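**Student:** Before I ask anything, let me first share the structure, which is written out below as structure tokens.
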Amino acid sequence: VSKTDYMGTSTPRDYRSVVRIHNPETGENFEKHVWMNNPMRYSGDTFYQSGYQPADGRPGSREKTTLSIVSNTGWMIPYVSCMIVGTGMLAHFWVVLVRFLRRREDREAVTRTTGLFSLQLWLVLKSLGIAVDYTQKQIELAGDKSPPPQTQQSMFARIFPWGVVVLTTLMLLRTARVTEAPAD
């Protein structure tokens, strides 16, 4: 038995024992080390170092260790459980990653479509503004001295419905989801 303390303290860092296995049935005779958190497995049994007693100071006294022997038939279950949990976490991560990437692709497609639609709508509105100016010039050239007054309110009244259409369309495009029909 040996005990190693943390430097400068009496806090144990490590207990080590050398265990001799002598099995007359199989003829085995060997030594094996057992230390803290490292049990020895032999013939279906597990040997744990569960205690340590220092030498008591009497002449001839020695350090002693206490071993717990457990017949642990299900020692593999925690390892299998960890593998199952790890596989489940990996599957969950994969599903979330795929969903994120699909949403990202959908969002990029909607953004491209929205940008193109906005450009086309701006061109249409700009052409309407040019057409209004052209119509006013036609009226002035025709000799009508009193064209309808163009106030800021009348321009707003002419453009506002188009603005509502544009904003509603953009909102619908932003929240739209593309669904694929199932293959027959």
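**Student:** Report, ordered by the first and then the second residue, all pairs with beta carbons closer than 6 Å, sequence separation of six or more or different chains, a first member in the stretch 59-84 that is modelled with pLDDT under 85, and a second member that is of a type in the set (A, V, I, L, M) and surrounded by 10 or more Cβ atoms within 10 Å (Cβ to Cβ).
**Tutor:** SER61/ALA55; ARG62/ALA55; GLU63/VAL1; GLU63/ALA55; THR65/VAL1
**Student:** Filter the stretch 53-97 for residues that are hydrophobic (A, V, I, L, M, F, W, C) and assigned to a strand (DSSP E or B); which is farthest from LYS3 (Cα to Cα)?
**Tutor:** The extreme case among them is VAL70.
**Student:** On to the next question. Those residues that are in contact (Cβ under 8 Å) with a residue 40 or more places away in the chain and either among the acidic types (Asp, Glu) or surrounded by 13 or more Cβ atoms within 10 Å (Cβ to Cβ) (or both), I need them from the stretch 48-58; list them, please.
**Tutor:** Matches in the stretch 48-58: TYR52 only.
**Student:** Condition (residue is part of a loop (DSSP other than H, G, I, E, B) and modelled with pLDDT under 85) applied to the stretch 15-30: is it met by at least one residue?
**Tutor:** No, there is no match, as no residue in the stretch 15-30 is part of a loop (DSSP other than H, G, I, E, B) and modelled with pLDDT under 85.
**Student:** Hey, among the residues in the stretch 31-45 that are closer than 13 Å to THR66 by Cα and not in a loop (DSSP other than H, G, I, E, B), which one's farthest from the chain's Cα centre (by Cα)?
**Tutor:** The selected residue is VAL34.
The values are calculated or read from the model by the stated rules, or taken from the named source; none is laboratory data. Since the model is a prediction, treat every value here as computed from it, not as a measurement. We place every Cβ from the backbone using ideal geometry, glycine too, and count neighbours over all the protein chains shown.
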